[in-house]
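Structure first, then comments.
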Amino acid sequence: MHIGCPKEIKPQEFRVGLTPNAAREAVTHGHQVTVQSHAGTGAGFSDQDYIDAGAAVADTAEEIFANADMIVKVKEPQAIERKMLGDGQLLFTYLHLAPDPEQTKDLMESGATCIAYETVTDDRGGLPLLAPMSEVAGRLAPQVGAWTLQKANGGRGVLMGGVPGVGPAKVLVIGGGVVGTHAARIAAGMGADVTVLDRSLPRLRYLDDVFGRQFKTGYASAGNTTELAQAADMIIGAVLVPGATAPKLISKSQLSELKPGAALVDVAIDQGGCFETSKPTTHQDPVYDVDGIMHYCVANMPGAVARTSTIALGNATMPFMLALADKGWRQACDDDPHLLNGLNVHAGKLTYYAVGKALGIDVLSPALALKQ
């Protein structure tokens, strides 16, 4: 199979879909690999690194899309990239379709088969290709939130750990999954007073058992969320419904009840955001003010630490990428129901229920898509 990896063109996105190690593995398996020139520069990989791994280097994305059987990326294809996708081509990347009807329409019209990292599952009920970036984003969230809290950036002017005689920042993390757990650990490590809310009692017990007094836990009822939000200096939105639009946890009307200059860090912005006033921002212009509340809603947070993120993502995606290349997508998905869960679009049809529900589009079951 011919595997192509274009340079990411989303603003301030420095990650790359294939590491040189992944390229070398694919070449060892007998596949042809072409990477766009300078695709890996932002993550610290040179064109020569890919050439040494046995890959070819192309000057333009057009060459990649025109010749590759499978396109491997990081972020969802932008409009100009979607126009280059062809009938029967395989796309393997993050998609986040539920809040993005335009992308969904374009991918369906392209005739491509699209497998989304974020909906591939494992036998423990986890999301193995989302987890590495969730870990990165979770660990980044208190860091960028602390920056947002600085007075020069519009925040309350509160130091995360406080100082002797002055209490620490109060941080509320809504969602106790991968993002929330890593966010809470880092925020607590910075000395903040941290509470994690979740609706799963088993998850809360797990957090309490493993982390003890590093941070507090609470049940995410509407009343409890409102009460703790009003007392918080920083709120980290870390709720995920796989493949679906994120639920709105803080409404616009509630902003007036929050502390002036409080920081909202929305890690769920790729799935539409979990605050009503959230809108995607970039690393170039990450923060905006709504009613005196500072919002940090960068849609590709892990891109800020591109090398760490690229290597972590490459470690996770490589076995699936090789299975798709070695077997073809049909056989690979037939052999692995967890990979089949990643199928979102095939031959003009939407194949992921949560996206169809969010966008009001009829869905073809993945099992039937395998037979087409």
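The values are calculated or read from the model by the stated rules, or taken from the named source; none is laboratory data. Every value quoted in this text rests on a predicted model; they were computed, and no experiment measured them. Quick reminder, even Gly has a Cβ in these numbers, built from the backbone with ideal geometry, and neighbours come from all protein chains shown. Surface accessibility is based on the protein's heavy atoms, side chains included, excluding ligands, DNA and RNA. Shrake-Rupley method; radii C 1.70, N 1.55, O 1.52, S 1.80 Å.
Miscellaneous remarks
- Elements of type helices (runs of 4 or more DSSP H) in segment 254-372, at least 1 residues being at pLDDT below 95 and surrounded by fewer than 24 Cβ atoms within 10 Å (Cβ to Cβ): 353-359, 366-369
- Output for segment 33-59, where each listed residue is part of a helix (DSSP H, G or I), of a type in the set (Ser, Thr, Tyr) and closer than 26 Å to Asp326 by Cβ: Tyr50
- From the options Arg213, Arg205, residue that is assigned to a loop (DSSP other than H, G, I, E, B) and without any contact (Cβ under 8 Å) to a residue 60 or more places away in the chain: Arg213
- Of all residue pairs spaced 6 or more apart or on separate chains, those with beta-carbon atoms under 9 Å, a first member in segment 116-127 that is more than 19 Å from Leu90 (Cα to Cα) and a second member that is among the acidic types (Asp, Glu) and open to solvent by less than 20 Å² (accessible area, probe 1.4 Å) are Leu127/Glu118.
- Test: Phe275 is more than 29 Å from Thr19 (Cβ to Cβ) and of a type in the set (Phe, Trp, Tyr): yes
- Breaking point among (1) closer than 18 Å to Ala299 by Cβ; (2) open to solvent by 20 Å² or more (accessible area, probe 1.4 Å); (3) charged (D, E, K, R), for Arg156: (1)
- Flag for Thr181 being touching a residue at least 40 places away in the same chain (Cβ under 8 Å) and either over 24 Å from Val290 (Cβ atoms) or within 25 Å of the chain's Cα centre (by Cα) (or both): yes
- Cross-chain or 6+ apart pairs with Cβ under 6 Å, segment 36-53 first and under 20 Å from Ala66 (Cβ atoms), then of a type outside the set (A, V, I, L, M) and in a helix (DSSP H, G or I): Ser37/Asp47; Tyr50/Pro20
- Verdict on Val178 being open to solvent by 50 Å² or more (accessible area, probe 1.4 Å) and β-branched (Val, Ile, Thr): yes
- Condition check for Lys151: out of contact with any helix residue (DSSP H, G or I) (no Cβ under 9 Å at 6 or more places or on another chain), of a type outside the set (S, T, N, Q) and under 23 Å from Val290 (Cβ atoms): yes
- Failed condition for Asp47, given (1) within 27 Å of the chain's Cα centre (by Cα); (2) within 18 Å of Thr93 (Cβ to Cβ); (3) of a type outside the set (Phe, Trp, Tyr): (2)
- Counted as qualifying within segment 62-167 are the helices (runs of 4 or more DSSP H) with 2 or more residues that are at pLDDT 95 or above and over 19 Å from Cys5 (Cα atoms), namely 101-110, 131-149.
- Count of segment 241-253 residues which are open to solvent by 20 Å² or more (accessible area, probe 1.4 Å) and aliphatic (A, V, I, L, M): 2
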